[in-house]
Amino acid sequence: MELHGGEVPDDVDALLALPGVGTYTARAIAAFAYRQRVPVIDTNVRRVLTRVFDGVADFER
């Protein structure tokens with residue numbers, strides 16, 4: 001409340017600094033609430049892309 005004047009920040013880095021906000025949520029808020037052009041990739045899509053390009057699942061690293 002004090003850092004952002006009671007407003008939800010529109011910056012991905014500021015959103016990530018909030019407790020309980022992860023990468024997907026921060027990017028989704030920026031993209032959908034503030035109409036910013038940031039990639040929003042959920043865990044399943046990330047896992048598939050990692051397997052396609054790296055040959056291993058993201059969680060196997």
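Relative contact order for the chain using alpha-carbon pairs under 8 Å, separation at least 6, rounded to a whole percent? Can you show the working numbers first?
Values: 39 pairs, mean separation 11.1, N = 61.
Worked out over the chain, it gives 18 percent.
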For the chain, evaluate the Debye formula with one uniform point scatterer on each Cα (no solvent term) and list log10 I(q)/I(0) at q = 0.13, 0.30 Å⁻¹, rounded to two decimals. -0.44, -1.15
Rounding to the nearest 10 and keeping the result within 0 to 90°, find how far the Cα-based axis of helix 43-54 lies from the longest principal axis of the chain. 40
Ranking Val38, Leu18, Met1 by how far each Cα lies towards the positive end of the charge dipole of the chain (+1 on Lys and Arg Cβ, -1 on Asp and Glu Cβ), the top one is Val38
Given charges of +1 on the Cβ of Lys and Arg and -1 on the Cβ of Asp and Glu, with all other atoms neutral, how large is the dipole of the chain about its Cα centre, in debye to the nearest 20? 340
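Can you give the calculated 222 nm mean residue ellipticity of the chain, where each DSSP H run of n ≥ 4 adds -39,500 (n - 2.57) and the sum is split over every residue, rounded to the nearest 500 deg cm²/dmol?
So the calculated ellipticity at 222 nm is -10000 deg cm²/dmol.
Throughout, read-outs are computed from the coordinates displayed, never taken from laboratory work. A quick note: this is a predicted structure, and the numbers were derived from the prediction, not measured. A quick note on method: Cβ atoms are made from the backbone with ideal geometry, for glycine too, and the neighbour counts reach across all protein chains shown.
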